[in-house]
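**Q** Handing you a structure now.
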Amino acid sequence: MWYDTKPEDDVDPVPSRFERLAAVVAVLAALLLVPAAALGSGIAVVGLLFVAFTCGTVAKARTDLGGLLTFGLRSVPEDDPSAERYREHREREDDRIREAVSVDADPRLDRLLAIGLAVVGVGALAAVAAGVGEGGRLTVYLLGSALVALNCALVAYATSHMNADD
C-alpha cells in the first residue's frame, strides 16, 4: 500500500492516468449501485460490485480525491509543478503515517489469508454452479460473497509480495 513504501523505494506517488481513470469508474459504479439495488436488479448489482471492486483494486490506495482534483484525467509530465507539490505533500504524509504506525507484518500470513479467501470465493462460485439457490436471493448473495472474497484474496496476495523481504 502507499503507506508501506520505504523511503528507498523508487515509486512515484503521483497516480498514473490509468489509476485515476479506474478510480473514477469505481466511484461511478458505486454510485450506480443504489439505483440498481432499488430497482431489484440482482445481476446488475453484482456486475456493478465487480466493476467497483476491480477498478478500486486497480486504482489502489494511491488515488485519492486530492490526486483526482489536482490532476483530473490529464497526462502528467515528470516536471509538472503541481506534481512536484503533490509528491512533497505525499512524502510528508507518508512520513507522518510511518511514524504513527509501525507494523511488522509476516508475508506468510498474508499468503495464507489470500488462500483462505480464494477458497471461500471459489466455493461460493461452485455452489452457484451446483444450483444452490436456484436463481433466487441466495444466488445473488453467493455471487456477492465470491466477488468480495476473490478481490480481497487478490489484495492480500499483492500485499504479501509488497511486504516480503527481498
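The values are calculated or read from the model by the stated rules, or taken from the named source; none is laboratory data. Predicted model, so just to flag it, every value in this text is computed and none were measured. When we count neighbours, we look across all protein chains shown, and the Cβ atoms used for this are built from the backbone with ideal geometry, even at glycine. Surface areas here come from the heavy atoms of the whole protein model, side chains and all, with no ligands, DNA or RNA. Shrake-Rupley method; radii C 1.70, N 1.55, O 1.52, S 1.80 Å.
**Q** Which pairs turn up if I take residues in the stretch 128-148 that are modelled with pLDDT of 85 or more and look for partners that are open to solvent by 50 Å² or more (accessible area, probe 1.4 Å) with beta carbon separation below 6 Å, at least 6 apart in sequence or on another chain?
**A** Correct list of pairs: Ala146/Leu125; Leu147/Phe50.
**Q** Within the stretch 27-73, take every residue that is small (Gly, Ala, Ser), under 18 Å from the mean Cα position of the chain (by Cα) and crowded, with 16+ Cβ neighbours inside 10 Å and give me the one that is farthest from Thr139 (Cα to Cα).
**A** The extreme case among them is Gly67.
**Q** Is it the case that Val76 is more than 19 Å from the chain's Cα centre (by Cα), surrounded by fewer than 11 Cβ atoms within 10 Å (Cβ to Cβ) and among the β-branched types (Val, Ile, Thr)?
**A** Criteria not met by Val76.
**Q** Confirm whether Leu117 is touching a Cys at 6+ places or on another chain (Cβ under 6 Å), surrounded by 11 or more Cβ atoms within 10 Å (Cβ to Cβ) and at negative phi.
**A** yes
**Q** Within the stretch 150-166, track down each residue that is more than 19 Å from Phe53 (Cα to Cα) and open to solvent by 60 Å² or more (accessible area, probe 1.4 Å).
**A** Hits for the stretch 150-166 are His161, Met162, Asp165, Asp166.
**Q** Just one of Gly131, Gly144 is assigned to a helix (DSSP H, G or I), closer than 26 Å to Ala37 by Cα and open to solvent by less than 40 Å² (accessible area, probe 1.4 Å); which is it?
**A** Of Gly131, Gly144, the one residue that is assigned to a helix (DSSP H, G or I), closer than 26 Å to Ala37 by Cα and open to solvent by less than 40 Å² (accessible area, probe 1.4 Å) is Gly144.
**Q** Still on this structure, I have one more. If you go through the stretch 90-149 one residue at a time, how many are more than 25 Å from Val51 (Cα to Cα) and of a type in the set (S, T, N, Q)?
**A** 1
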